[in-house]
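The values are calculated or read from the model by the stated rules, or taken from the named source; none is laboratory data. Worth saying up front: this structure is predicted, and the values here are computed from it rather than measured. For neighbour counting, all protein chains shown are included, and Cβ atoms are generated from backbone atoms with ideal geometry for every residue, glycine included. Accessible surface is based on the protein model in full, side chains and every heavy atom, while ligands, DNA and RNA are left aside. Shrake-Rupley method; radii C 1.70, N 1.55, O 1.52, S 1.80 Å.
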Amino acid sequence: MDRIDANLYLNLVRGGAARLGLHRQEINDLNVFPIPDGDTGDNMYMTIQAGCTAAGSTLPEVAKAVSAGMLMGARGNSGVILSRMFAGLAKGLADVREADVKAFSRAMQAGVEESYHAVSEPVEGTILTVFREGVAAAAGSKDLDEYFDLLISAMDLSLQHTPELLDVLKKAGVVDSGGAGLLYIAEGMRAALHGEAAEVLEEAAPAAQHVDLDAFTEDSVLEFGYCTEFLLRLQRSKVDLDTFDETVIADWLAAHGESLVFFRDGSIIKVHVHTHTPGEILNHCQQYGEFLTIKVENMTLQHHENHMDERFKKGRKAFGVVAVASGAGLVDTFKELGADEVIEGGQTMNPPVKRFIDAFDAVDAETVFVFPNNGNILLTARQAADIYDKADIRVIPAKTLGEGYYALANLDTEAGDADAIEAALAEAAGEVATGLVSRAIRDSGNVREGEYVGIAGKEILAAGPAPEEALLALADAMDAGSRDVILVFAGEGGTRSEKVREALEKRYPRAEVILQTGGQPVYEYILVLF
């Protein structure tokens, strides 16, 4: 595509939002400044997401609507700066019905200028630098494909250089979080330019804010002040909108606060400032208009929460394992295989989300592989993974104890990164067949109450008057003779009889037969074939 129209522009924005959404926790984790101003990834994502519902029939209308949406949704310092980049883009596209590469390049430069103007004291080595250097390098491109290729390449190079410009990044050994988020947005926009569909994640309703009352007591000192943000609508009854110079507000705020981000968009003033006296700030600004939104947060509490997170992260190992099992023998088996935490649960004993959360905390690893080992527990594990934000949680789709056992036995943390390890574990889980022997508690079809049935998946494959007979019949039905290993876990109602082993070895001479005490409830035997 050599021109950007209204539909394509909105797709570019949505593509950028979608790519950022996939990586926002990664961006959050880069936020190493001593006074956290929210989470950079979340703030940037919620800001750009607010522009994704824009509507309009022309490019100027859509660009303006995207900018307006991001203005209202802007969160945190990084979000405000991001919104100004797109505000500059909208101004640069105000008279363009379809933007070719030259028009788009000029609009991007307007975005650079607008974002720098929004910050009272621009700091190099931040998102501003990454954007400016990327846009400068892409100027003069012959088409949009080349433009985005050069933009992304230069932004990436600039991002890697940010630690050389900011000591706090260099000491922490990370790159600038805002710049990293912007790079993901640019990559998502390029993907959209090439026609890749993008799905913007819906933002869940914010949870009720939890305040650690012990973090700021009656003896505490307000060390960091308050992060104060608001939207102020200038009022004709208070100022002359045609002649009013908003720098009178900006200059006063710069003298009475820190980390000021300030801009005017029509009759709306957006302010982000750090201050020890938010009341003074609000009272002063109200003489010019009325507030549309106000947010004031005690940064001492933010600092405390960030400090707690850093203490939690210190000394973490790279990989950890959480598994679900019931029965003393099975719990011990999974621990011997390498599980750091074994949650007791299974059929009729589904553990709650909180139990998984507690286990993730106890493991204290950067990446945690989870083996639910039961189809009814899989969704609970995934829900816990979605909630947990202190580590990268990978839920392996193991729906049976056999699948979890074999997958964990094949865990090789030296096999590559988390993605490669996860894929290998999921593949291993799919190579296993698991059967269960249990006592029927009611009549069902040809099965009578009190008999023992052999089940694989949700299908009854065998039945017998005794659990051992049902086990042998189940092994036949599952074609155990074609497998190399036959592993049997005897439950709390079963026995570890050598007769069971001998019967299996006689029937399947080419397979290795292993009989262990599982101690699990509900199932007299668990049959695992691999």
How much length is gained if the chain between ARG3 and GLN287 is pulled fully straight, taking 0.36 nm per residue apart and subtracting their Cα-Cα distance, in nm to one decimal?
97.7 nm
Cα-based radius of gyration of region 138-185 once divided by 2.2 N^0.38 Å, which approximates compact folds
1.32
List the residues, sorted by chain then number, that are 5 or more residues from ILE514 or on another chain and whose placed amide H is less than 5 Å from its amide H.
ILE486, LEU487, VAL488
Out of residues 5 or more away from VAL368 or on other chains, whose amide H comes under 5 Å of its own, with H placed 1.01 Å from N in the peptide plane?
GLY320, ASP392, ILE393, ARG394
If unit charges are put on Cβ atoms (+1 for Lys and Arg, -1 for Asp and Glu) and the dipole of the chain is taken about its Cα centre, the option from GLY88, ALA65, ALA250 lying farthest towards the positive end turns out to be ALA65
Can you spot the lysines whose alpha carbon is less than 19 Å from LYS142's alpha carbon? Ignore those fewer than 8 places along the same chain.
LYS102
As straight-line cross-link partners of LYS317, the qualifying lysines (C-alpha separation under 29 Å, not fewer than 8 residues apart within one chain) are LYS170, LYS171, LYS335, LYS354, LYS390, LYS399
Semi-axes a, b, c in Å (a largest) for region 1-140, each sqrt of 5 times a Cα gyration tensor eigenvalue, come to 25, 17, 13
How high is the relative contact order of the chain, given as a whole-number percent (alpha carbon pairs under 8 Å, six or more residues apart)?
10 percent
Compute the length gained on full extension between GLU199 and ILE514: take 0.36 nm times their separation in residues and subtract their Cα-Cα distance, giving the result in nm to one decimal.
108.6 nm
Residues in region 496-526 reached by a label modelled at VAL447 [backbone nitrogen below 17 Å; 7 Å Cα→Cβ]
521-526
Rg/Rh (Cα only; Kirkwood hydrodynamic radius) as it applies to region 54-105
1.01
Could you tell me the largest-minus-smallest coordinate of the C-alpha atoms of the chain on each of the three principal axes, in descending order and whole angstroms?
96, 63, 46
Could you estimate the translational diffusion coefficient of region 379-455 from the Stokes-Einstein equation, with Rh from the Kirkwood formula over C-alpha pairs, at 4 °C and 1.567 mPa s, in whole µm²/s?
87 µm²/s
Eigenvalues of the Cα gyration tensor times 5, then square-rooted: what semi-axes does that give for region 345-421, in whole angstrom, largest first?
19, 17, 9
With -39,500 (n - 2.57) per DSSP H segment of 4 or more residues and division by the full residue count of the chain, the 222 nm estimate, nearest 500 deg cm²/dmol, is -15000 deg cm²/dmol
Give me the percent of accessible area attributable to carbon and sulfur for region 438-530, probe 1.4 angstrom.
46 percent
If one computes P(r) from the Cα atoms of region 455-530, what percent of pairs lie at distances over 14 Å?
57 percent
Rounded to the nearest 5, the percent of antiparallel DSSP beta bridges in the chain equals 70 percent
Roughly how far apart, in whole Å, are the Cα centres of region 151-172 and region 407-457?
47 Å
